[in-house]
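The values are calculated or read from the model by the stated rules, or taken from the named source; none is laboratory data. Source: prediction; values computed, not measured. As a convention, Cβ positions derive from the backbone with ideal geometry for all residues, glycine included, and neighbour counts pool all protein chains shown.
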Amino acid sequence: MRQQEANEPQTLGQTPVGMRQYIANIVLIPDKSKAAYTRGIYTVYSDTFFVLGVIAHETTHIFDLIAFQDVVKAGGYPEGTYYSDTAEWLDAYRSSAAVPSRYADTNQKENLAETGRWSLSAAVHPGGLAAYNKNWGTIGNQIVNFRGRTDKIIYPKDGHCTAKVNSTPAVHVTNGKAKFRARRAPQYSSMNGATVPEIKVPEGLTADRTLCSSELGGQII
């Protein structure tokens, strides 16, 4: 077993449960390239990019599409509108003096994803962002906006999964030549045996892809 493969369950386990529940499937590629991307509710990582910061970034892309649908509906936007395209998010962006990174300056989807990554650091780092970045206040309005809508989701009071995006059936290679046989998908249940509610995915789900150079020298999408 590869060392990275041995560490993958631990890395996923360190990801907040409220983030994990929004991921339908994770695809890990045993490759030395530096790349990660999200398609709708599915995420793909090369070995070296399956780390907490990148997971937070990619999962925030899913949040952008699904977790804020109450705001989308209340604002009169069409179903499936990204939160990063709403006035609520754009107001937070416009009232901030900066964005989290040069990568975040690419577009609002990447800005929100990077804000999610920084927000996780703000929540779990002793002293918050101020403890290691004196300029964090320049993106403060975006951090406050994101955390105000997601902290109760990402960190549920009892620490348990409250809902789950349905995963597709697991598959395995039968002969090493890309022939697959479906296996039964895992069932997600709460501690008392009741079925965990399904998180609704907008109908006609589509996801675009934006290629950018990351601070790690690879591609996060």
>> Considering only residues that are basic (Lys, Arg) and at pLDDT below 85, which ones fall in segment 14-38?
In response: Lys32, Lys34
>> So, in segment 79-103, exactly how many residues are surrounded by 21 or more Cβ atoms within 10 Å (Cβ to Cβ) and closer than 30 Å to Pro30 by Cα?
In response: 1
> Checking Gly76 against (1) part of a loop (DSSP other than H, G, I, E, B); (2) in contact (Cβ under 8 Å) with a residue 12 or more places away in the chain; (3) surrounded by fewer than 17 Cβ atoms within 10 Å (Cβ to Cβ); (4) not polar (S, T, N, Q), which test does it fail?
Replying inline: (2)
> Of the residues Thr210, Thr168, which single one is within 19 Å of the chain's Cα centre (by Cα), surrounded by fewer than 16 Cβ atoms within 10 Å (Cβ to Cβ) and at pLDDT below 70?
Replying inline: Thr210
> Can you name the number of the only condition in (1) at pLDDT 90 or above; (2) closer than 23 Å to Gln21 by Cβ; (3) assigned to a loop (DSSP other than H, G, I, E, B) that His160 fails?
Replying inline: (1)
>> Yes or no: segment 111-119 includes at least one residue that is modelled with pLDDT under 95 and surrounded by fewer than 22 Cβ atoms within 10 Å (Cβ to Cβ).
In response: no
> Of all the residues that make up segment 101-142, how many are under 13 Å from Thr60 (Cα atoms) and touching a residue at least 24 places away in the same chain (Cβ under 8 Å)?
Replying inline: 13
> Among the residues of segment 26-52, which ones are of a type in the set (Phe, Trp, Tyr) and assigned to a strand (DSSP E or B)?
Replying inline: Tyr37, Tyr42, Tyr45
> Given the residues Ile23, Ile55, which is the only one that is crowded, with 17+ Cβ neighbours inside 10 Å, β-branched (Val, Ile, Thr), within 12 Å of the chain's Cα centre (by Cα) and outside any helix (DSSP H, G or I)?
Replying inline: Ile23
>> Considering only residues that are of a type outside the set (Ser, Thr, Tyr) and buried (at least 21 other Cβ atoms within 10 Å of the Cβ), which ones fall in segment 123-157?
In response: Ile139, Gln142, Ile143, Asn145, Phe146, Ile154
